[in-house]
Amino acid sequence: MPGMHIGVVGLGRLGHMAVKFPKKFGTKVTVISTSANKKQEAIERLGVDSFLISHDPEQMKAAMNTLDGIIDTVSAVHPILPLLMLMKSHGKLVMVGRKLVAGSCIGGMKETQEMLDFAAKHNITPDVEVVPMDYVNTSLERLLKSDVKYHFVLDIGNTLNKK
């Protein structure tokens, strides 16, 4: 994990251990806490690279998109959206002992083909509004106003059946 940068939320019984392991792997570690009085211990005793106060908007904004992942050790209810903003694209948030939140990557060619085959077999099709070419400007205006149910399909050759 050298070269990676992770955040650890909470510096209690579990959080301080969540700092020690990645530090030994050569990972850059930032502690994210509500308690400013833990900063000195985190830096001097545990060797963290940086410390953020989670309720300080300036600190949180400055750290946006800097973390490869976050280990959240806090058991109390707290907002996770600010934590998500700290992570780079494709970052991972691990909430220890909590419900799992998972993301999904776009599938590769094999997965996409499997999905298309399944859709064809089960007649799963998108709902669309077919519009003629001379309606393109009106369609764009409707898109800007979010006045389209799902998708427009532009019928350039006037060959598609309208439903």
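The numbers here are math on the coordinates, done by the rules we state, and not lab data. On a predicted model such as this, the values are computed, not experimentally measured, just so you know. Here the Cβ positions follow ideal geometry from the backbone for every residue, glycine too, while neighbour counts run over all protein chains shown.
Remark on Leu93: its backbone amide H falls under 5 Å from those of Ile70, a criterion applied only to residues 5 or more positions apart or on other chains, H modelled at 1.01 Å from N.
Report the FRET efficiency, 1/(1 + (r/R0)^6), for Thr138 and Ser89, where r is their Cβ-Cβ distance and R0 is 41 Å, rounded to 0.05.
Working: r = 36 Å, r/R0 = 0.87.
For R0 = 41 Å, the calculated efficiency reads 0.70.
Across segment 53-63, coupling constants 3J(HN,Hα) worked out from phi with the 6.51/-1.76/1.60 Karplus curve, θ = phi - 60°, read 8, 5, 9, 9, x, 5, 5, 5, 5, 5, 9 Hz, and Gly and Pro carry x.
Between Val101, Val29, Val77, which gets the highest mean-square fluctuation from a Gaussian network model of the chain, Cα cutoff 10 Å? Its mean-square fluctuation being the largest, the pick is Val77.
Ordered by the count of other Cβ atoms within 10 Å of each Cβ, fewest first, His55, His90 give His90, His55.
Put simply, when 130-137, 1-8 are sorted by average Cβ atoms within 10 angstrom per residue, most first, you get 1-8, 130-137. Going by neighbour counts of Cβ atoms within 10 Å, the residues Glu41, Glu111, Glu58 line up, fewest first, as Glu58, Glu111, Glu41.
How much length, in nm to one decimal, is gained on full extension between Glu44 and Asp127, taken as 0.36 nm per residue of separation minus their Cα-Cα distance? Write down the numbers at each step before the final one.
Working: separation 83, 0.36 × 83 = 29.88 nm, distance 5.90 nm.
Once the chain is fully extended between Glu44 and Asp127, it gains 24.0 nm.
As a proxy for reagent exposure, Ser54, Ser139, Ser89, Ser35 were ordered by neighbouring Cβ count within 10 angstrom, fewest first; the result is Ser89, Ser35, Ser139, Ser54. For the pairs Lys110/Lys145; Lys24/Lys88; Lys28/Lys92; Lys92/Lys149, flag any whose C-alpha to C-alpha distance is greater than 27 Å. Among Lys110/Lys145; Lys24/Lys88; Lys28/Lys92; Lys92/Lys149, the Cα-Cα distance tops 27 Å for Lys110/Lys145; Lys92/Lys149. Against the chain, whose longest principal axis comes from its Cα atoms, helix 109-121 is set at around 50 degrees.
Once you charge only the Cβ atoms, +1 for Lys and Arg and -1 for Asp and Glu, what is the size of the charge dipole of segment 5-95 about its Cα centre, to the nearest 20 debye?
Working: 11 positive and 7 negative charges, 57 e Å.
Dipole magnitude for segment 5-95 comes out near 280 debye.
What is the set of long-range amide H partners of Leu52 at a cut-off below 5 Å, with H atoms built 1.01 Å from backbone N? Amide H neighbours of Leu52: Val31, Ile32, Ser33.
Taking a ≥ b ≥ c as the square roots of the eigenvalues of the Cα gyration tensor, the chain is prolate, since a/c reaches 1.5 or more and a/b is larger than b/c. For segment 97-107, 3J(HN,Hα) computed residue by residue from phi via the Karplus equation (6.51, -1.76, 1.60; θ = phi - 60°) reads x, 10, 5, 8, 10, 10, x, 9, 7, 5, x Hz, glycine and proline entered as x. If you fit an axis through the alpha-carbon atoms of helix 15-24 and take the longest principal axis of the Cα set of the chain, what angle between them do you get, 0 to 90°, nearest 10? Once rounded, one gets 90 degrees. The spacing between segment 131-157 and segment 42-87, judged by their C-alpha centroids, is 43 Å.
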